[in-house]
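Engineer: This is the structure I have questions about; it appears just below.
The values are calculated or read from the model by the stated rules, or taken from the named source; none is laboratory data. Worth saying up front: this structure is predicted, and the values here are computed from it rather than measured. Here Cβ is always computed from backbone atoms with ideal geometry, including for glycine, and neighbour counts include all displayed protein chains.
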Amino acid sequence: MSETVRGEAASLQRGLAILELLAERPDGATLSELTDALQFPGASALRITRTLVRLGYLSRDERSRRFFLTNRFLLLGQPRGREHALTECALPAMRTIRQATGETTHLCCLIDDEMVIIEQLLAAHPFKYSADIGARCPCYSCAPGKAIAAFLPDDEQESLLGRIRFKPFTDTTITTRRAFRQELAGVRACGFAVDRAEGMDGIHCVAAPLLDRHGAAVAAITIAGPSSRVRDDEFEVIGEIVREGARRASEEFNGQ
């Protein structure tokens, strides 16, 4: 192996190490913190971080001098339809859903056993629920997680259920595999899922799956808002709105 190839391989390894470290640090890290944690030469770390910033994989806050991961990795990893990326296919339906409900609308994907927000349209109300793009939560404690899990192929669903380690976040969180199976059967039957303040007190969600050509879930569209506005007695009406929007997004994703 030539010196040039070895040098390129070392730089690649160091770049990946920086990305992996920052993935575990939502508050970011300064250059000195990166070099201390990874034991890299300062000049090498500076060159690599500058390159990653230029390519759009990192951002740097000019005031704190801290580096952060950008959302570029979410865009790389999201499913693609026949012609467009997932977000492009879902955004028109998301806008319609937000207009109809007035609430914050999210597009979410499943990564391992967690839901990840990859797109967000904020509510029209002065008081609104919001979350950072890239925010994660356990799939069993949120409506989009249930919506996707209910429409996974049987083997993938079983694998997912085997990985989940249930714990309560609120008084209404599902905490057993049996209860989650029953919940998924109900979601499968009606076509949408609800979150009755199971992940966060006072916040309700309603979600429906975005399906591929084989009927398997690749994502979910969800609305989220305070329980005073997203009320239990309106779940059916909101569920139909979200389900119809997800159906249109599915058609766009599948090129129909």
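Engineer: Identify all residues within the stretch 115-142 that are acidic (Asp, Glu) and surrounded by fewer than 16 Cβ atoms within 10 Å (Cβ to Cβ); write none if there are none. I'd like the intermediate steps shown before the answer.
Structural biologist: From the stretch 115-142, those acidic (Asp, Glu) are 119, 132; that's our starting set.
Result: ASP132, single match.
Residues checked against (1) among the acidic types (Asp, Glu); (2) buried (at least 24 other Cβ atoms within 10 Å of the Cβ); (3) in the same structural domain as GLU119 (by TED's automatic domain parsing); (4) under 20 Å from SER250 (Cβ atoms):
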position: THR175; (1), (2), (3), (4): no, no, yes, no
position: PHE180; (1), (2), (3), (4): no, no, yes, no
position: ALA189; (1), (2), (3), (4): no, no, yes, yes
position: ASP212; (1), (2), (3), (4): yes, no, yes, yes
position: ILE221; (1), (2), (3), (4): no, yes, yes, yes
position: PRO226; (1), (2), (3), (4): no, no, yes, no
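Engineer: Also: Considering only residues that are in a helix (DSSP H, G or I) and among the β-branched types (Val, Ile, Thr), look in the stretch 1-46 and name the one that is modelled with the highest pLDDT.
Structural biologist: Here is the first cut: in the stretch 1-46, the residues in a helix (DSSP H, G or I) are 3-23, 31-38, 42-46.
Narrowing the set further to residues that are among the β-branched types (Val, Ile, Thr) leaves 4-5, 18, 35.
Numbers: THR4: 51, VAL5: 43, ILE18: 87, THR35: 90.
Result: THR35.
Engineer: While we're on this one: Tell me which residues, restricted to the stretch 97-106, are touching a residue at least 40 places away in the same chain (Cβ under 8 Å) and either over 15 Å from VAL242 (Cβ atoms) or out of contact with any Leu (no Cβ under 7 Å at 6 or more places or on another chain) (or both). Steps first, answer last, please.
Structural biologist: Start the filter on the stretch 97-106 by keeping residues that are touching a residue at least 40 places away in the same chain (Cβ under 8 Å), which leaves 97-98, 100-106.
Selection gives ILE97, ALA100, THR101, GLY102, GLU103, HIS106.
Engineer: Here's a follow-up. Looking at the stretch 105-113, can you tell me whether even one residue there is assigned by TED's automatic domain parsing to the domain that holds VAL218, assigned to a helix (DSSP H, G or I) and of a type outside the set (Val, Ile, Thr)?
Structural biologist: First, the residues of the stretch 105-113 that are assigned by TED's automatic domain parsing to the domain that holds VAL218: 105-113.
Now drop any that are not assigned to a helix (DSSP H, G or I), which leaves none.
Within the stretch 105-113, not a single residue is assigned by TED's automatic domain parsing to the domain that holds VAL218, assigned to a helix (DSSP H, G or I) and of a type outside the set (Val, Ile, Thr).
Engineer: Restricting the search to the stretch 230-256, which residues are surrounded by 17 or more Cβ atoms within 10 Å (Cβ to Cβ), hydrophobic (A, V, I, L, M, F, W, C) and part of a helix (DSSP H, G or I)?
Structural biologist: PHE235, ILE238, ILE241, VAL242, ALA246, ALA249, PHE253
Engineer: Also, quick follow-up: Considering only the stretch 43-56, how many residues are of a type outside the set (A, V, I, L, M) and in contact with a Leu (Cβ under 7 Å, 6 or more places away or on another chain)? So that I can check it myself, show each step before the final result.
Structural biologist: Within the stretch 43-56, the subset of a type outside the set (A, V, I, L, M) is 44, 47, 49-51, 54, 56.
Pick out the ones that are also in contact with a Leu (Cβ under 7 Å, 6 or more places away or on another chain) and you get 49.
Count: 1.
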